Every structure is written in C-alpha cells, then in structure tokens.
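To keep things clear, I will list the structure first and then write my remarks on it.
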C-alpha cells in the first residue's frame with residue numbers, strides 16, 4: 001500500500017506503527033537493561049520488516065508489477081522506521097516496567 005494514491009494508506013500505517021511499538025515493548029519485557037530491550041525490539045522490528053517486504057515482493061511478482069526507484073525508497077524508509085519504532089517501543093516498555 002506504500003505507493004497507492006490517496007490518504008487511506010495512513011490508517012493501516014498507524015495500526016502497523018502501533019503494532020511495532022507494542023511488539024517491541026512486549027518482546028523486550030524480560031530484558032534486564034533498557035539497551036538490551038532496545039536491541040531485542042530492533043531484532044523484532046527487523047524480522048517484521050523482512051516479512052512485510054517479502055509479502056510486497058510476492059504480491060508484486062504475482063501481479064507482474066515492476067518496482068520503481070520510488071517504491072524502493074519507500075521500502076527502505078519503511079524498514080528504517082519499523083526498526084526505530086520497535087526499538088523505541090521496547091526501551092519505553094522496559095523503562096515503564098521498571099517504574100511500575
């Protein structure tokens with residue numbers, strides 16, 4: 001959905017971003033230090049980004065759609081954002097657990 005026209009793609013994007021943050025927080029809840037939680041969140045985000053990108057590649061292959069340079073740039077941006085969001089979610093989740 002990264003390269004679809006209109007603004008409807010924002011809704012699933014927000015849902016996925018929340019899922020990355022929550023997934024990072026849940027995945028790193030047993031880490032002993034905040035940086036270990038962040039690393040676990042980054043690993044989780046990387047795995048999820050690979051799955052999302054693989055799904056888009058398969059979808060494009062089935063539909064015989066070409067991949068433009070703009071789509072490649074969006075893929076890289078999405079992967080970097082998923083890493084950042086899941087890492088930050090993990091660190092925040094760990095810090096909130098320590099305070100609670």
For this session: Consider residue 61 carefully, then state whether it is modelled with pLDDT of 85 or more and either surrounded by 14 or more Cβ atoms within 10 Å (Cβ to Cβ) or out of contact with any helix residue (DSSP H, G or I) (no Cβ under 6 Å at 6 or more places or on another chain) (or both).
Result: yes
For this session: Considering every residue within region 79-99, establish whether at least one is out of contact with any helix residue (DSSP H, G or I) (no Cβ under 9 Å at 6 or more places or on another chain) and at pLDDT below 80.
Result: yes
Problem set entry | Residue check, residue 11 within 22 Å of residue 73 (Cα to Cα) and surrounded by fewer than 11 Cβ atoms within 10 Å (Cβ to Cβ) | yes
For this session: Output yes when any residue across region 74-81 is surrounded by 15 or more Cβ atoms within 10 Å (Cβ to Cβ), under 19 Å from residue 28 (Cβ atoms) and either touching a residue at least 40 places away in the same chain (Cβ under 8 Å) or touching a strand residue (DSSP E or B) at 6+ places or on another chain (Cβ under 7 Å) (or both), and no when none is.
Result: yes
Problem set entry | Members of region 82-94 that are surrounded by fewer than 20 Cβ atoms within 10 Å (Cβ to Cβ) and under 14 Å from residue 40 (Cβ atoms) | 88, 92
Problem set entry | Residue in region 28-49 that is in contact with a helix residue (DSSP H, G or I) (Cβ under 8 Å, 6 or more places away or on another chain) and modelled with pLDDT under 75 present | yes
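The values are calculated or read from the model by the stated rules, or taken from the named source; none is laboratory data. Keep in mind that this is a model prediction, so the values were computed, not measured. Heads up, the Cβs are rebuilt from the backbone with ideal geometry, glycines too, and the neighbour counts pull from every protein chain shown.
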